[in-house]
Structures are given as C-alpha cells and as structure tokens.
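Shown next, in structure tokens, is the structure this report addresses.
None of the figures in this text is laboratory data; all of them are computed from the coordinates on show. Computed from a predicted structure; not experimentally measured. As a convention, Cβ positions derive from the backbone with ideal geometry for all residues, glycine included, and neighbour counts pool all protein chains shown.
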Amino acid sequence: MQDHFQLIKDYLLQLNYNILHENQEQGIIMISKENEGIKNMILGVAPPILIMEQHIFNIKNKSEVIYRNLLQKNRDIVHGAFVLDESGEKVIFRDTLQVENLDLNELEGSLNSLGLLLSEYSDQIINFSKN
C-alpha cells in the first residue's frame, strides 16, 4: 500500500512549503507559505481523500450580503470553495483531492488556487472581516 502521507509531504517540500507540524498517526500536516497567503493551512490525509483547509477570516456581523458574495465568488474559484464552520462565523477555504492518483501538479494547482483567490479578492475579504 502506498504511503500517501509521505508522498504528500514530499510534494509539499518540493513546492517549498514550510511544514510547521505533522502527525502521521492522525494524518495531519500544517503548512505555511506566507508570501502566497497560506498560513497554518491544515491538510488531512484520510485515504481515499486529502482535505485541505485554510481559515480565511471571521465574520463579525453576520449578513446576507456577505454570505451571498462568498457564494458568488465560489463560482470563480478554480479549485476549492469558501465554506463556513458550524457556527457560521469562520470562513474557510476548503478543497478535497483523491489521493490514489494524486500528482504534484494537481496538488500545486489546488494550492495555487488559494493564492490566486487571496490576491484577487483580498480587498473584499478585508472589508468582510471588519464589518
């Protein structure tokens, strides 16, 4: 059986991500690459999938306008999507990939999608987090 955890860790190192924490038993890797907006991103290796989550911001004043804008922006995101935690206050970027045939380009594409999203949408994210 392939060691998906080690494979993903190797890919992350090839892509120059900083591995801040890892727990192979739990299948958890925490990464950062702050120049691309990725800080404390959690990757959960849970075959058959890889789950990637990055906390983006907290919604201070829940508003239909904010939720609508986030849903509309989901349409533009290449990989992954905005999701909410159970409280509806934390906005998280989340993507899932199949690990069985995962390659470096596929993982890089998902991670780059978040960087692109943050660069294009940062002004609105800042405004949402203030309101």
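Some notes on this structure:
- Exclusive hit being part of a helix (DSSP H, G or I), under 17 Å from LYS33 (Cα atoms) and touching a strand residue (DSSP E or B) at 6+ places or on another chain (Cβ under 7 Å), set LEU114, LEU70: LEU114
- LEU71 vs. criteria within 25 Å of GLY44 (Cβ to Cβ), among the aliphatic types (A, V, I, L, M) and surrounded by 17 or more Cβ atoms within 10 Å (Cβ to Cβ): no
- Among residues of the stretch 27-56 that are without any contact (Cβ under 8 Å) to a residue 24 or more places away in the chain and on the phi > 0 side of the Ramachandran plot, those with a beta-carbon under 7 Å from a residue that is in a strand (DSSP E or B) and β-branched (Val, Ile, Thr) at least six positions away or on a different chain give the pairs GLY27/VAL45.
- When the stretch 41-67 is limited to residues that are among the polar types (S, T, N, Q) and out of contact with any Leu (no Cβ under 7 Å at 6 or more places or on another chain), the one that is farthest from SER129 (Cα to Cα) turns out to be SER63.
- Checklist (1) part of a strand (DSSP E or B); (2) touching a residue at least 60 places away in the same chain (Cβ under 8 Å); (3) over 11 Å from the mean Cα position of the chain (by Cα) applied to LYS60, failing item: (1)
- Residue satisfying all of: in the stretch 91-103; under 22 Å from ASN16 (Cβ atoms) and out of contact with any strand residue (DSSP E or B) (no Cβ under 6 Å at 6 or more places or on another chain); surrounded by the fewest Cβ atoms within 10 Å (Cβ to Cβ) among these: ASP103
- Filter result for GLU36 (within 19 Å of LEU15 (Cβ to Cβ) and touching a strand residue (DSSP E or B) at 6+ places or on another chain (Cβ under 7 Å)): no
- The lone exception for ILE77 - which of (1) among the β-branched types (Val, Ile, Thr); (2) over 11 Å from the mean Cα position of the chain (by Cα); (3) closer than 15 Å to VAL99 by Cα; (4) not in a helix (DSSP H, G or I) it fails: (3)
- Pairing residues of the stretch 68-95 that are farther than 15 Å from SER129 by Cβ with residues that are assigned to a strand (DSSP E or B) and not charged (D, E, K, R), at Cβ distances under 6 Å and at least 6 apart in sequence or on separate chains, gives ASN74/ALA81; ASN74/PHE82; GLY80/PHE93; VAL83/ILE92; ARG94/VAL83; ASP95/MET52.
- Which numbered condition GLU106 fails, given (1) part of a loop (DSSP other than H, G, I, E, B); (2) surrounded by 13 or more Cβ atoms within 10 Å (Cβ to Cβ): (1)
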